[in-house]
Amino acid sequence: MTLHLKKAELHCHIEGAAPPSLALTQAEKYGVDVSGLIEDGSYVWTDFSEFIVCYDRVASLFRTEEDYAVLAETYLTELSAAGTIYSEIIVSPDHGNTIGIGADAYLRGLAAGIAAARAKTGIEGRMIITIIRHLGREAAERTALYAARRDHPLVTGFNLAGEERMYRVADFARAYDIARDAGLGLTIHAGEMAGADSVRDALDIVRPSRISHGVRAIEDADLVRRIAAEGVVLETCPGSNIALGVFTGFHAHPLRALRDAGCRVTLNADDPPFFHTSLSQEYDMASEVMGFADAEINAMTRTAIEAAFVDEDTRATLLSRL
Ligand SMILES: Nc1ncnc2[nH]cnc12
Ligand SMILES: [Zn+2]
């Protein structure tokens, strides 16, 4: 168990953090039939494409500012109970538009949830606006412009999620230029469902300080050396990778190999209940199955705080709490 360890998370999609029990409550509230979506208390999907469909169906059960406030507060409160002092949630204004409340109300709700959790528990939270790869370039640039204009103190970063096997990183170069010019921290999903080329493109074109996943860089030793040399931080999510079949199990996951090669690595839960995990379970697995000592896990937590998209005063305060 790692309950005694402080924790920090850089990578959790907020709709992907909704427990099935909360999704069921939402479905009842809106009279939505969830057969085929939730069975025996678990989300139903079999591969990445189905996972994305399932994710979008769950997201559609959150329809008001208050629904989003409850979701963020619930998740962050649970994280705090496991010793977590910092969390970046990945948020998607496109979902706010899809459900009809609009991006502003969507972010307002999430921000209220973050503030409520902080007031109750002290956990610090930030929002990373994501563009969604399979929605294409125009939608991405629209969302990037929105992120650049939306000068909210809790919105501090920019990401690209969705189907990595669609489009090329170059198609999102302008969206990232907009986000970079706006001063947002940059990270990008790469090296999860696609291989080393995708990670190399992400580094060349986006020049991010972090990569979401990045674990398939292990397929190319030169690329691993480059990630280590450039100090790019990997937001690894082992449980997610295993659930999605990227690796066959924890014994086959490259977290340790990447760390031993000098890459800066962190532990994250991605979409915890979809992948039957949680941040504390990722820490437990790192300790009990992957064999990392407490000091090595603490180093990953410190790396997360060092790489967090926060102002320097907040970073210093968080580091002092470790
Ligand atoms: N693991 C993941 N990869 C890409 N896009 C996602 N959106 C939600 N979870 C995701
Ligand atoms: Zn992710």
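The values are calculated or read from the model by the stated rules, or taken from the named source; none is laboratory data. No experiment lies behind these values; they were computed from the predicted model shown. No Cβ is skipped: glycine too gets one built from the backbone with ideal geometry, and neighbour counts run over all protein chains shown. Ligands, DNA and RNA are stripped out before the accessible areas are found, and what is left, the full protein with its side chains, is counted by its heavy atoms. Shrake-Rupley method; radii C 1.70, N 1.55, O 1.52, S 1.80 Å.
Before moving on, here are some points about what is shown:
- For region 163-214, the set of residues classified as under 20 Å from LEU267 (Cβ atoms) and in a strand (DSSP E or B) consists of GLY185, HIS189, ALA190, ARG210, ILE211, SER212, HIS213, listed by residue number.
- Take the conditions (1) touching a residue at least 24 places away in the same chain (Cβ under 8 Å); (2) farther than 29 Å from LEU22 by Cα; ASN241 misses just one of them, which is (2).
- Screening GLU141 with (1) surrounded by fewer than 17 Cβ atoms within 10 Å (Cβ to Cβ); (2) assigned to a helix (DSSP H, G or I); (3) over 18 Å from the mean Cα position of the chain (by Cα) gives one miss only, at (1).
- Residue within region 90-113 that is within 25 Å of SER60 (Cβ to Cβ), of a type in the set (S, T, N, Q) and free of Cβ contacts under 8 Å to residues at least 12 places away in the same chain present: yes
- Lone qualifier among GLU192, GLU219 - being away from ligand 1 (no atom under 13 Å from the Cβ) and either at pLDDT 95 or above or open to solvent by 40 Å² or more (accessible area, probe 1.4 Å) (or both): GLU219
- Filter result for TYR30 (surrounded by 18 or more Cβ atoms within 10 Å (Cβ to Cβ) and either among the aromatic types (Phe, Trp, Tyr) or farther than 28 Å from ILE123 by Cα (or both)): no
- A count restricted to region 144-168 and to residues that are out of contact with any Lys or Arg (no Cβ under 8 Å at 6 or more places or on another chain) and surrounded by fewer than 24 Cβ atoms within 10 Å (Cβ to Cβ) stands at 10.
- The lone exception for ILE218 - which of (1) in contact with a Phe, Trp or Tyr (Cβ under 6 Å, 6 or more places away or on another chain); (2) part of a helix (DSSP H, G or I) it fails: (1)
- Condition check for ILE114: of a type in the set (A, V, I, L, M, F, W, C), in a helix (DSSP H, G or I) and open to solvent by 10 Å² or more (accessible area, probe 1.4 Å): no
- Residue match in region 222-235 (condition: within 24 Å of VAL53 (Cβ to Cβ), assigned to a helix (DSSP H, G or I) and within 15 Å of ligand 1 (Cβ to nearest atom)): no
- Restricting attention to region 84-98 and to residues that are under 18 Å from ARG108 (Cβ atoms) and among the small types (Gly, Ala, Ser), the residue that is farthest from ligand 2 (Cβ to nearest atom) turns out to be GLY96.
- When residues of region 64-100 are limited to those that are part of a strand (DSSP E or B) and among the polar types (S, T, N, Q), the one surrounded by the most Cβ atoms within 10 Å (Cβ to Cβ): SER87
- Positions within region 246-287 being in contact (Cβ under 8 Å) with a residue 60 or more places away in the chain, open to solvent by 10 Å² or more (accessible area, probe 1.4 Å) and either among the aromatic types (Phe, Trp, Tyr) or under 23 Å from ILE305 (Cα atoms) (or both), in sequence order: SER278, SER280, ASP284, SER287
- If only residues of region 122-138 that are more than 13 Å from ligand 1 (Cβ to nearest atom) and outside any strand (DSSP E or B) are counted, the one that is surrounded by the most Cβ atoms within 10 Å (Cβ to Cβ) is ILE123.
- Number of the exception - LEU255 against (1) more than 16 Å from ligand 2 (Cβ to nearest atom); (2) under 18 Å from the mean Cα position of the chain (by Cα); (3) more than 21 Å from ALA18 (Cα to Cα): (1)
- Within the option set ALA103, ALA119, being in a helix (DSSP H, G or I) and closer than 20 Å to GLY183 by Cβ holds for one residue only, ALA103.
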